[in-house]
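One structure is given below, encoded as structure tokens.
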Amino acid sequence: MTEQLLEIKKDLSKKLKKDRFEHTIGVMYTAASLAMRYGEDIQKALTAGLLHDCGKFCPAKEQIKICRKKGIELTESELEMPALIHAKLGAYLAEHEYGIKDREIQDAITYHTTGRPDMTMLEKIVYIADYIEPNRAEIPGLSEVRRLAFEEIDQAVCRSAESTTRYLRDGGKAVDPMTVRTYNFYKKEK
């Protein structure tokens, strides 16, 4: 791990709640494993995995205030579902607080929650690593997505987006349109 990543890890260990930090480390190493499997840049995967939830250092209301102050545009869906906001805020913090200028890493952070149609391999890796990391509580279909992640990542993305959409709808919660678009795109790709 580079000196920069060690410094970021140290900083996040102080800013994030203990369980969030443990999840972050799980995502970082899962992303690195997937990068090895798919021939992606391991350092980029480690970096995006480590920073994917850096925007969750404060409550959603505070995240909204920071976004407004920094000029980060939020969609209607994000304002309705504040749990999504940390992704855009995280990409901003990655660049402005942690010095990560790589657009590919920033995009992987931005889309790690909702996904998007036609993601780059790094985006898919971070999206799936967030879903399957070892600290995740067992949910229906998780073991299947974990298996698929290392065999056929596009199918893992499709199953993950489908599961997320179903879970939210069954719970009477709103579903971000980008998650639906992600599912529809990868369903067609299968």
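Each residue of region 19-30 was assigned a 3J(HN,Hα) from its phi angle through the Karplus expression (A = 6.51, B = -1.76, C = 1.60, θ = phi - 60°), giving 5, 5, 5, 4, 4, 4, 5, x, 5, 4, 6, 5 Hz with x at Gly and Pro.
Is the C-alpha gyration tensor of region 50-96 telling us rounded, prolate or oblate? Criteria: a/c under 1.5 is rounded; beyond that, a/b larger than b/c is prolate, otherwise oblate. Mind showing how you got there, number by number?
Working: a/c = 1.61, a/b = 1.33, b/c = 1.21.
Prolate, because a/c is 1.5 or more and a/b exceeds b/c.
Across region 36-45, coupling constants 3J(HN,Hα) worked out from phi with the 6.51/-1.76/1.60 Karplus curve, θ = phi - 60°, read 4, 4, 9, x, 8, 5, 5, 5, 5, 5 Hz, and Gly and Pro carry x.
Shape of the chain from its Cα gyration tensor (a ≥ b ≥ c, root eigenvalues): rounded if a/c is under 1.5, otherwise prolate when a/b > b/c, or oblate? Walk me through the numbers on the way to the answer.
Details: a/c = 1.55, a/b = 1.12, b/c = 1.38.
Oblate.
With an 8 Å cut-off on Cα pairs and a minimum separation of 6 or more residues, tell me the relative contact order of region 67-190 in percent.
Numbers: 132 pairs, mean separation 28.2, N = 124.
Computed over region 67-190, the figure is 23 percent.
For a 19 Å ceiling on Cα separation, which of these pairs sit above it: Lys15/Lys101; Lys9/Lys44; Lys9/Lys101; Lys88/Lys124; Lys14/Lys88; Lys9/Lys56? Table pairs above 19 Å Cα-Cα are Lys15/Lys101; Lys14/Lys88.
Quick note: the coordinates plus some simple rules give every number you see, no bench work behind them. Fair warning: this is a prediction, and the values are worked out from it, not measured in the lab.
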